[in-house]
Structure formats: structure tokens, C-alpha cells
Amino acid sequence: MKSYKKVISLSLIVTLLPILVGLLLWNRLPEQLPNHWNINGQIDGWMPKAYSVFLLPCLLALGQLVLSFVTFADPKRRNIHRKPLLVVLWIIPVLSFFLNSAIYLVALGVRCDVPALILTLIGVLFIFIGNYLPKLRQNYTVGIKLPWTLADEDNWARTHRLGGKLFVACGLLTLVIAAISGLIGDTASFIIFLVLTVISALVPSIYSYLLFHGKVQ
């Protein structure tokens, strides 16, 4: 963990950076800021300005600390390559920066398609994860952690090769959905994304189970 202290410190700074942005915009921000969008892309939740500026980034920073601790407490952490480990460590900071920025923009009256932004971020994340899944060795933190993958290294490797391809495909299709969400609507976009996510998670799990029980070669 010592070699990653700078990365963790920088990631926490980025996670908390929206607080500074919020303070700079304080006098221009309304007293209530949006904090939730429904399946149709409409705002259906609001939060007091102080809570949005301070509480949300702090909660995400706490989540980042917990994630870092759990990751580095993994007894097989050395099996996690540096690049996928960095991807894991930067998920929350990037999410914090973009989502809080979107909230500020919407509160200031700037048109911002938050559901499409979220889909775009998730799509990019799926592509990154998919690229690194086949390179992962057995561990208890990152990857498709099933009883069958953890019990057999070959099962782990083959399941993650399949999972990597599906995650990349899901990520690319999610980016397409984000791009055309204005045409097909937020509800349809969400449903399609949900189906893609279930397929990406379920197919490798079923494959791993069948492989473990000798149903596939």
C-alpha cells in the first residue's frame, strides 16, 4: 500500500475537489440543488445547498477510503495488476468530479443531460474493466469472484476472458445508447442498459458454473 499512497491521496483530493468548486460558485447556486433523476431523466429529488456542496463529496471520499482499505487488505492483492488496480482506485474520484459538476451546471440553469452523462461514464468504465479482466489473476477484490472461479485458476482465467469480451461489448453499446438517448428516450435507454448489464454479469457466471461441473470444455 505504501507505493500507492500518492495515488490514494491524489484520488481523495479529486473526490473532494467539488467542494472547492461549490464554494467558488456558492453565491450563484440556489438554496436547493438537484440530487436525483428518475428513469425518465426528470429531476425528482432535491438537497439543500450545503449538503450538496459538502456532504456528497465527503461521503464519496469516505467510500474511496473504504474501497482503498478493502482492496489493499486483500491477501491476494499482489495478483491484481497495477493498471486494473488504478482503474478501481479512480472510479469514485472520476464519478465525484463529473456528477457534482453536472449538479452544479443544472442548478445554474445550464442544459446538461445527466442520465446520458452517467451512461457515458459507465460505458467507458465497462470498456476499461473489460480490457483488464483477462489479465487478472485470482484475488478476492477485483474480478468475477465466484466459488468456481476462486476454486480453480483455469476456471478463473477462462471466465475472465469471456467476461472481458462481454464487458467491452456492453461498454461500447452503452456509449451508443448514451449518444442516441435523446432519440429513444431515457426510459428505453435505461432498460436497454439494464438488459446489457445483466447479460454481461449472468453469462460469465453461468459459463463458470458449467465449466466447473464439466458441462462445457
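Quick one: count up the residues across region 127-138 that are of a type in the set (S, T, N, Q) and either out of contact with any helix residue (DSSP H, G or I) (no Cβ under 6 Å at 6 or more places or on another chain) or buried (at least 21 other Cβ atoms within 10 Å of the Cβ) (or both).
1
So, in region 60-98, of the ones that are in contact (Cβ under 8 Å) with a residue 24 or more places away in the chain and among the β-branched types (V, I, T), which residue ends up farthest from H160 (Cα to Cα)?
Applying the filter and picking the extreme gives V94.
Okay, residues lined up against (1) among the acidic types (D, E); (2) at pLDDT 95 or above; (3) farther than 21 Å from I127 by Cβ:
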| site | (1), (2), (3) |
| --- | --- |
| K145 | no, no, no |
| A151 | no, no, yes |
| R161 | no, yes, no |
| L173 | no, yes, no |
| S181 | no, no, no |
| F190 | no, no, no |
| L202 | no, yes, no |
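Within region 150-164, does at least one residue satisfy the condition of being open to solvent by 60 Å² or more (accessible area, probe 1.4 Å) and within 22 Å of W90 (Cα to Cα)?
For region 150-164, residues open to solvent by 60 Å² or more (accessible area, probe 1.4 Å) and within 22 Å of W90 (Cα to Cα): absent.
Can you name the number of the only condition in (1) open to solvent by less than 40 Å² (accessible area, probe 1.4 Å); (2) farther than 17 Å from V94 by Cβ; (3) of a type outside the set (D, E) that N38 fails?
(1)
Of the residues G171, G182, which is part of a helix (DSSP H, G or I) and open to solvent by less than 20 Å² (accessible area, probe 1.4 Å)?
G171
If the requirement is being under 15 Å from L60 (Cα atoms) and either open to solvent by 20 Å² or more (accessible area, probe 1.4 Å) or assigned to a helix (DSSP H, G or I) (or both), which of these qualifies: V124, V110, V87, V94?
Only one candidate passes the filter, namely V94.
Tally the residues that are touching a Gly at 6+ places or on another chain (Cβ under 9 Å) and open to solvent by 40 Å² or more (accessible area, probe 1.4 Å), restricting the search to region 1-29.
0
The values are calculated or read from the model by the stated rules, or taken from the named source; none is laboratory data. As the structure is a prediction and not an experimental result, all values here were calculated from the model. Don't worry about glycine lacking a Cβ; one is built from the backbone with ideal geometry, like all the others, and counts go over all protein chains shown. Accessible surface areas use protein heavy atoms only, side chains included; no ligands, DNA or RNA. Shrake-Rupley method; radii C 1.70, N 1.55, O 1.52, S 1.80 Å.
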